[in-house]
Amino acid sequence: MQTTTIPYAKLRLSDSNVRKANSDTGLAALAASIAEHGLLQPLIVSPAKGKKTLFDVHAGGRRWRAIGLLIERGVLPKDDAIDVRLCENEDAAAREISLAENLIREAMTPADEARAYRDIIAEGADAEAVARRFGVTVRHVQGRLRLADLAEPIFAALADGEITLDIAMAYGSTGDRERQQAAWERLSTSWQRDNAQAIRRAIAEDALSADHPIARFLGEAEYTGCGGRIERDLFASEGEGVWLDGDLAMDLAAKKLAHEADVAELGCKLAWVKPSLATQVTYDDTKDLHAYWPRRAEPSAEAVARMEEIAGRMAEISEILEDPEEADDIPALEAQYEALDAEHDRLADTEPLIPEEDKSNVGTFLVLGKDGRPRLLETYYTTAKPTRRGSGASETAGILEPDEAEPATSASLPRSLEEQMAKDRRDVLALHVAHDPALALDLAIFSLARDHAGHFGSSDAGCTIRITDRNEPSGLSGIPASPALAGIEGVRASLSADWASEEDSFASFLAFRALADEVKAGWLAYAVSQSLKASLASGIHASAFQSRLGAHIGIDIAQHWRPSAENFFDRIKKAQILGILGQFDAELALRYASAKKTELASAAARLCAGDTIIEPEIKARAIAWVPGAMCFVDTGSRVDADLDGDDGEPEGQDEVLEDDDASAPEAANQNEGSDPLSEAA
């Protein structure tokens, strides 16, 4: 190899140069550097085959293109002599030089790198030698070789930048080009084209991942011992892979789980235990069965005492966590709360009491946990409909209909949650008042004039017209602002406040008087909206006036407030959430009965937000559901009567989530008008 100079016109980019993706990114900067400092490193060239007067550039293609850009701009002459290192080697040596230089410099595209490794391997080298030569791992070389073996349209898409490396790797999870091609034809033009997991699932339709619950339950040794094949994914970690013979694995696992079910049936003394190769039972499994909820034995005196102690400590932790600044170690408190909650559930989970006449029909399912371990469902089923609770001889057990599930009213809501609900509900009403100057004017004049029109006593309108201290409850901390509150802030931001900047009060008044009538009306509506107190339909924050006012103007609370994990479900008990799901569909409550509290809260929130793919009628019930206390319903004198409990405490306190109020949004829409803000949206 010798150093010399060759005119630019006699140089051309070599076909063996592995960099095929020639981006213009940074080319102008490189040209400017060459113009200023000259060519710091010579190009590596060799005589072109069949063209004695030309030379192929094997290394330095970007520098060659930058010099061409300078010649095109007139900075350098057309016959400019370029410093080169002349190589007399054949294509293999030239390609290796090109590859080494390009790896050290700007990163090559994965497609270019894959082509280069494939060509070098084809000429006699092995993966280990290539890895040593270019300072990469053998696994990296093998991965790039797998990319080089992708079906042609997939590799072309990678080379052209139409798909990412992650997507190409997903297609490369199998070496079978036919399976790659079939998945590409199905998904490349669909909405899942950029979903690597969907691509892997499509490729492994009849296969099982090594971490699938069925694979974990069966075990690799038993599967391979019966002739099962495993394809190791070069991109996967050690121990992972794809079980190609899914049917064989399913058959072996079904027989193994059936044996486990027979053993479990003897141990639990139920009439039957059916195996199900799933993590939860499906509708088809239970469509001919009835959910059966036996009475439970009463906990021992010691257990009751401990449960009361746990409940007290959990309440203390909840109070501490409501003010994070006062808490010393929040993670430790949260861990303690979860441990206490789990212990409480264990103590409450006493032995089921199944009457003799029902025992011959009652059973359950043996399913797989996510870790592959068999587990008995905590839900029981019966093949024959038993006597309902409290009737005849079967008073200790029976079918539990959805409206009989443990009610959400079995315990009072946390104080902070009830306060937050009151504030959120008030903000919805305030948003409507702020958008309705005529209503605001009527409410303001009514509140001012009522005391001078013969009314004596405190006002029950919940409107402090001078916007004095509203005694705002604390509510919840650390939760996102509600849409209604954001809407109110938007109204405020849209109102011009220049008139209020005057230091002299009378000058400010004159500036206000000069405003257009619609601007003054907007300020009136906003100001009146800020006089409203936080309220609910029942409980200690009950306001019958505001409930009837909201119903009168047709507010649909479900259009403005949705229960999320943060603002609602995380704050109530697991049994309460299950009761709510039961209102949507009995199967939902059964499906999530064994879920952890956090998973259950997230699932319920997604249902109520409409973010879950589910039957239309169930979705409609879920997205319309709100706690009864949040609704605006014209209940007339009934609400007033509910607030006059004999013990001096509002009876509505325990009716915040009353089932009968679940249809309140529909009731609200049947009042004088439909929600004007919902229609506008």
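Scan the stretch 608-617 residue by residue and report those that are open to solvent by 10 Å² or more (accessible area, probe 1.4 Å) and of a type in the set (A, V, I, L, M, F, W, C).
Scanning the stretch 608-617 gives A609, I613, I614.
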Evaluate the following for R548: is it modelled with pLDDT of 85 or more, part of a helix (DSSP H, G or I) and of a type in the set (K, R)?
yes
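If you go through the stretch 77-90 one residue at a time, do you hit one that is at pLDDT below 80, open to solvent by less than 30 Å² (accessible area, probe 1.4 Å) and either of a type in the set (A, V, I, L, M, F, W, C) or in contact with a strand residue (DSSP E or B) (Cβ under 7 Å, 6 or more places away or on another chain) (or both)?
At the first step, the residues of the stretch 77-90 found to be at pLDDT below 80 are 85-90.
From the residues that got through so far, the ones that are open to solvent by less than 30 Å² (accessible area, probe 1.4 Å) too are 86-87.
Narrowing further to those that are either of a type in the set (A, V, I, L, M, F, W, C) or in contact with a strand residue (DSSP E or B) (Cβ under 7 Å, 6 or more places away or on another chain) (or both): 86-87.
Checked against the condition, which is being at pLDDT below 80, open to solvent by less than 30 Å² (accessible area, probe 1.4 Å) and either of a type in the set (A, V, I, L, M, F, W, C) or in contact with a strand residue (DSSP E or B) (Cβ under 7 Å, 6 or more places away or on another chain) (or both), the stretch 77-90 yields at least one hit.
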In the stretch 498-514, is there at least one residue being within 26 Å of L549 (Cα to Cα) and surrounded by 11 or more Cβ atoms within 10 Å (Cβ to Cβ)?
no
Of the residues in the stretch 3-40 that are at pLDDT below 80 and of a type in the set (K, R), the one that is least open to solvent (accessible area, probe 1.4 Å) is R19
Of all residues in the stretch 479-494 being part of a loop (DSSP other than H, G, I, E, B) and not hydrophobic (A, V, I, L, M, F, W, C), which is surrounded by the fewest Cβ atoms within 10 Å (Cβ to Cβ)?
P480
Only residues that are open to solvent by 70 Å² or more (accessible area, probe 1.4 Å), in a helix (DSSP H, G or I) and at pLDDT 70 or above: list them for the stretch 415-461, please.
R415, L441
Only one of A261, A221, A202 is part of a helix (DSSP H, G or I), small (G, A, S) and either within 23 Å of A170 (Cα to Cα) or modelled with pLDDT under 75 (or both); which?
A202
Give just the number: which of (1) at pLDDT 75 or above; (2) assigned to a loop (DSSP other than H, G, I, E, B); (3) of a type in the set (G, A, S); (4) open to solvent by less than 80 Å² (accessible area, probe 1.4 Å) does S474 not satisfy?
(4)
Between a first residue in the stretch 351-366 that is open to solvent by 70 Å² or more (accessible area, probe 1.4 Å) and a second residue that is modelled with pLDDT of 85 or more and small (G, A, S), which pairs have beta carbons less than 6 Å apart while being 6 or more apart in sequence or on different chains?
S360/A271
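The values are calculated or read from the model by the stated rules, or taken from the named source; none is laboratory data. All figures in this text were calculated on a predicted structure; none of them were measured in a lab. Cβ: placed from backbone, ideal geometry, glycine included. Neighbour counts: every protein chain shown. Accessible surface areas use protein heavy atoms only, side chains included; no ligands, DNA or RNA. Shrake-Rupley method; radii C 1.70, N 1.55, O 1.52, S 1.80 Å.
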